[in-house]
Amino acid sequence: MKKIDKKIEAMRKYGNLLCPKCSGDFQIEGKSLKCALGHTYDISKKGTVNFVLGYGEENYNLAMLEARERVISEGFFDDIVLAVCEEIYTDYRLKGDMDQPLRILDAGCGDGSHIALIGKFFEEKGVETELIGVDISKDGIHIAGRKDNDVLYFVADLAHLPFKDRSIDVIVNILSPVNYKDFRRVLTEDGLVYKVIPETGYLKELRKLYGLSEYQNTEIVQHLKDNAKVIKERKIKSVENVEAYLDDLLLMTPMLWDREIMDPGAKLREITIDCALFTFGFEE
Ligand SMILES: C[S@@+](CC[C@H](N)C(=O)[O-])C[C@H]1O[C@@H](n2cnc3c(N)ncnc32)[C@H](O)[C@@H]1O
Ligand SMILES: [Zn+2]
């Protein structure tokens with residue numbers, strides 16, 4: 001079966017897409033999604049859909065996100081993705097059997113690698129999933145669409161997710177912005193968000209090299225606690241040998257984009273990962 005047909009079938013099966021302009025239901029007509037008011041979104045050959053035609057703001061370009069894809073495939077983020085998978089799986093098992101697939105959304109999925117890896121983890125555990133990745137970056141979703149997997153990838157804004165109310169069981173949000181209002185809207189009542197944010201030591205060697213001050217996440221954490229009910233917090237720390245892909249790492253890192261890429265010299269080989277993984281819900 002062609003990729004587009006496979007993805008259209010998955011969209012039909014998923015059935016929870018809605019029009020981000022008017023919140024109306026979609027019909028699938030040929031190779032488009034169309035709501036009752038006539039808002040129409042084409043499904044690309046790769047089976048992706050762009051829901052932010054016209055207003056998407058793009059900071060991430062193709063070269064940067066391709067570099068990020070390579071860095072992910074080298075395993076730089078493996079500990080982060082594994083920690084997220086383990087937490088989701090633990091909570092999933094506590095909940096007991098579900099009578100439908102576990103619906104996981106990666107909100108701010110970038111190049112789409114993480115949600116694909118999460119899918120693999122659950123496949124190996126024998127858990128049926130419905131996997132969705134959204135990102136505002138067209139280039140990110142373009143790269144994601146090249147992958148051969150069952151994930152549905154959409155260009156969409158976190159603030160206007162194209163999903164029905166209470167239609168997602170799990171939201172993953174890795175090193176990306178958050179929108180508490182829309183996350184709350186699309187999550188099921190007992191649904192949970194798994195959010196990874198940097199801690200002080202994250203990429204500290206690069207910050208030092210570029211003369212940047214120490215990173216502080218105090219405001220982000222406070223904002224999180226003001227808007228959601230934190231259930232768990234887990235630290236993720238490791239030191240990675242990045243020798244084989246240092247150039248890609250320098251290219252993919254947002255904090256360095258407005259700076260000239262510097263020659264790190266002979267010594268920069270090890271880079272620190274230091275993150276916090278928050279599990280939270282919106283219990284009333
Ligand atoms: C640092 S990247 C992280 C990407 C991916 N989660 C990863 O870890 O590789 C942040 C991502 O958030 C996306 N993003 C920023 N604002 C967004 C918005 N309003 N809606 C959807 N995605 C957004 C960016 O396009 C970018 O891909
Ligand atoms: Zn509409």
* Would you point out the residue of the stretch 146-164, among those that are among the hydrophobic types (A, V, I, L, M, F, W, C) and outside any loop (DSSP other than H, G, I, E, B), that is nearest to Val52 (Cα to Cα)? => Val155
* The one condition in (1) in a loop (DSSP other than H, G, I, E, B); (2) surrounded by 23 or more Cβ atoms within 10 Å (Cβ to Cβ) that Tyr215 fails to fulfil -> (2)
* Looking at Ser23, Ser32, which is the one that is modelled with pLDDT of 95 or more and either of a type outside the set (A, V, I, L, M) or crowded, with 18+ Cβ neighbours inside 10 Å (or both)? -> Ser32
* Is it the case that Val134 is under 16 Å from Glu87 (Cβ atoms) and touching a strand residue (DSSP E or B) at 6+ places or on another chain (Cβ under 7 Å)? -> no
* Asked: Does at least one position in the stretch 40-55 carry a residue that is more than 19 Å from Lys7 (Cα to Cα), of a type outside the set (S, T, N, Q), surrounded by fewer than 13 Cβ atoms within 10 Å (Cβ to Cβ) and within 12 Å of ligand 1 (Cβ to nearest atom)?
  -> yes
* Structure fact -> So the strands (runs of 3 or more DSSP E) completely within the stretch 1-75 holding 2 or more residues that are hydrophobic (A, V, I, L, M, F, W, C) are 26-29, 32-35
* Asked: Is one or more of the residues making up the stretch 1-23 within 19 Å of the chain's Cα centre (by Cα), within 9 Å of ligand 2 (Cβ to nearest atom) and touching a residue at least 12 places away in the same chain (Cβ under 8 Å)?
  -> yes
* Structure fact -> Considering residues that are away from ligand 1 (no atom under 15 Å from the Cβ), surrounded by fewer than 16 Cβ atoms within 10 Å (Cβ to Cβ) and part of a loop (DSSP other than H, G, I, E, B), the number found within the stretch 165-203 is 3
* Residue that is nearest to Asp157 (Cα to Cα) [pool: residues in the stretch 105-132 that are without any contact (Cβ under 8 Å) to a residue 40 or more places away in the chain, in contact with a Ser or Thr (Cβ under 9 Å, 6 or more places away or on another chain) and of a type outside the set (Phe, Trp, Tyr)] -> Gly119
* Inter-residue pairs, beta-carbon under 6 Å, first at positive phi and in the stretch 37-51, second of a type in the set (Lys, Arg), 6+ apart -> Gly47/Lys3; Gly47/Lys7
* For the subset of the stretch 123-144 comprising residues that are under 19 Å from Ile174 (Cβ atoms) and either in contact with a Lys or Arg (Cβ under 6 Å, 6 or more places away or on another chain) or assigned to a loop (DSSP other than H, G, I, E, B) (or both), which member is farthest from ligand 1 (Cβ to nearest atom)? -> Glu130
* Which residue pairs have Cβ atoms under 7 Å apart, sit 6 or more places apart or on different chains, and have a first residue in the stretch 209-231 that is within 16 Å of Ile197 (Cα to Cα) and a second that is among the hydrophobic types (A, V, I, L, M, F, W, C) and surrounded by fewer than 16 Cβ atoms within 10 Å (Cβ to Cβ)? -> Leu224/Val230
* Read through the list (1) more than 13 Å from ligand 2 (Cβ to nearest atom); (2) over 23 Å from the mean Cα position of the chain (by Cα); (3) at positive phi, then give the number of the only condition that Lys31 fails. => (3)
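The values are calculated or read from the model by the stated rules, or taken from the named source; none is laboratory data. What you see is a predicted model; the values in this text were computed from it and never measured. All Cβ positions, glycine included, derive from the backbone under ideal geometry; neighbour counts span all protein chains shown.
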